[in-house]
Amino acid sequence: MKQFTGFTVAILLLSFFISSASAQDTVKVKEQKSDKLNQYYSVKFGFYQPGTGLNNGLLIGIDGITEFLKYNFFLSGAIDLYPKQTFDMFDSPGPSISDQQIYLIPIHINGGYKIADFPDADSRIYAGGGIGYYLFFYSYTYSSSSGGLVGGLNSSSDSKNGGNVFATLFARGVIGKIFVEPRVYLAVKSSGNLDGYNYTVNPTGFAVTFGFQYHQ
């Protein structure tokens, strides 16, 4: 069952954010909308293809957006989550791994402009970029030789945490409350050593996510 741990956590988190957003959306306070800005929050999920060493997988995320209507500009803060168990980030030769798990968490701020608006279809397109810092939490279990005249295998476990900066470029097409967002991540690699084995974490890659956007 361990191989389903990362996927299960991702699905539970996504379900929690969607249910919370839906609950808040049904309890609306009647108040006059601002003619200067709109505020949104959103949940998203989709496909992520990171750099060499990691592997394609599920990406989920949440963000909060403040849109300045007069300038067709918005600012947002976002946090993403990429859980994965099947990947190989060690330089060759690497350890004989029997179990592993990584959680990659990009945290970023973004700015973007509305580049197209279709009021009759309640649709619009945004484009922009941002900067951020990613965190990773990695743990693994591997087998090593005990040596001696009568050799054997020992099982050892270890973990590593780290992170580095990254830049990002994106576009977001919104129809009503539903959106699709292609995004590119340009990250500085994180390199290190675990028990004599060199590794590299490289989140540089791209993602395509679908999501639900709600008015605050």
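None of the figures in this text is laboratory data; all of them are computed from the coordinates on show. Because the structure is a prediction, the values reported are computed rather than measured. Please note: Cβ atoms are built from the backbone with ideal geometry, for glycine as well, and neighbour counts cover all protein chains shown.
Things to note:
- Point-to-point label distance, Thr200-Leu75, nm (Cα→Cβ direction, 7 Å offset): 3.6 nm
- Summarising the label geometry, the points placed 7 Å from Cα in the beta-carbon direction at Gln49 and Ile109 lie 3.2 nm from one another.
- Estimated from the Cβ-Cβ distance and a Förster radius of 22 angstrom, the FRET efficiency linking Phe137 and Phe210 is about 0.25.
- Excluding same-chain neighbours fewer than eight residues apart, the aspartates and glutamates reachable from Lys44 by a Cα-Cα span under 14 Å are Asp63, Asp80, Glu181.
- Nearby aspartates and glutamates by direct alpha-carbon distance to Lys160 (threshold 15 angstrom, same-chain neighbours under 8 apart not counted): Asp88, Asp99, Asp195
- Cα-based radius of gyration of the stretch 41-118 once divided by 2.2 N^0.38 Å, which approximates compact folds: 1.52
- Karplus-derived HN-Hα couplings along the stretch 36-50 (A = 6.51, B = -1.76, C = 1.60, θ = phi - 60°), whole Hz, x at Gly and Pro: 10, 8, 10, 10, 10, 9, 8, 10, 8, 8, x, 9, 10, 10, x
- For the stretch 98-104, the Karplus equation 6.51 cos²θ - 1.76 cosθ + 1.60, evaluated at θ = phi - 60°, returns couplings of 9, 7, 7, 7, 10, 10, 9 Hz by residue, with Gly and Pro reported as x.
- Under the Karplus curve 6.51 cos²θ - 1.76 cosθ + 1.60, θ = phi - 60°, whole-Hz ³J(HN,Hα) for the stretch 170-184, x wherever Gly or Pro sits: 8, 9, 9, x, 10, 10, x, 9, 9, 9, 10, 9, x, 9, 10
- Label-to-label distance, nm, for residues given as Val165 and Asp99 (7 Å Cα→Cβ offset): 3.8 nm
- Extension gain for Ser155 to Asp91 (0.36 nm times residue separation, less C-alpha to C-alpha distance): 21.0 nm.
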